[in-house]
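*Asks:* First the structure, which I've put down as structure tokens, then a few questions once you've had a look.
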Amino acid sequence: MKTVLILFVAVISSLGLQAQQVNQVPMVMVTGEGIVKVVPDQVTIKSRIEHEGDDAVEVKRKNDVVVDKVIKYLKSEGIPAKNIQTDYVNLNKNYNYNEKTYSYAANQSISIELEDLKKYEKIMSGLLNAGLNRIDGIQFKSSEIEKHKSEARKKAVLDAQRKAVEYTAPLNQSIGKAISINENEVNYFPPMYRGVEMMKASSDGGDQQTLAPGEMEVSAKVTIGFELK
């Protein structure tokens, strides 16, 4: 029994010594960042239909009529059902303290995802003609976001390696293999536009260019520990 216990203690001690040796390997720790600029090819429209009046039933009916027209129009333009989503439906009773009267406001928010950014002008014109009367904002997206995230990660690793070389070269030292790699974050920042209110319908989408998608930024950060030679 004593022999087994001694062997067990010896094994544990050996493993602990190996762990200490690994931890004691001279390292240089650096954080690298990779940034990829992407031109969006998709857009999500945050739209709203709203009506006000003195009769709750009539206000809700008017809103429902427009919602029905909007959804049917989108489907007629080939927008998949999965890209049309109701975010919320509200019917509120409001009191006017000056006139001492009640009124009702009905509104419904619909998110519309366009997989083809080129359809934006035509779709927007059609939505307004269908009776949609408010745009709460738009958000640009990329159909290849995972590909761009991967590219940003690779750039972050190369950036970390470059920094490690810059730190060690003046010391007449070099770096060896990577001992530890930790991903800090991967983000993307799509251009967003908010608070765009449409007061009247546009009768012709034509060739007007009313959208400037610009670029979206995909970034990644990684911390790497390189062996110091």
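Quick note: the coordinates plus some simple rules give every number you see, no bench work behind them. Please read all numbers here as calculations on a predicted model, not as lab measurements. So basically every Cβ, Gly included, is an ideal-geometry build from the backbone, and we count neighbours across all protein chains shown.
*Asks:* Can you put T31, T44 in order, fewest other beta carbons within 10 Å first?
*Replies:* Least to most surrounded, the residues fall as T31, T44.
*Asks:* Just tell me which lysines come within less than 26 Å, Cα to Cα, of K37; anything on the same chain fewer than 8 places away is out.
*Replies:* Correct list for K37: K46, K118, K119, K141, K147, K149, K154, K155, K163, K221.
*Asks:* Could you check the spin-label model distance between A169 and Y102? Points 7 Å from the Cα along Cα→Cβ, value in nm.
*Replies:* 7.7
*Asks:* List the aspartates and glutamates whose Cα sits under 20 Å from the Cα of K122, skipping any in the same chain fewer than 8 residues away.
*Replies:* Once the sequence-local aspartates and glutamates are set aside, what remains near K122 is D41, D68, E77, E113, D136, E197, D204, D207.
*Asks:* Over what distance in Å are the Cα centres of segment 43-70 and segment 93-129 separated?
*Replies:* When both Cα centres are located, 6 Å separates them.
*Asks:* Could you pull out every one of the aspartates and glutamates with an alpha carbon less than 14 Å from that of K100, ignoring same-chain neighbours closer than 8 positions?
*Replies:* Candidates past the 8-residue exclusion: D54.
*Asks:* I'd like the FRET efficiency for I145 and E227, computed as 1/(1 + (r/R0)^6) with the beta carbon distance as r and R0 of 25 Å, rounded to 0.05.
*Replies:* Taking R0 as 25 Å, the efficiency between I145 and E227 is 0.15.
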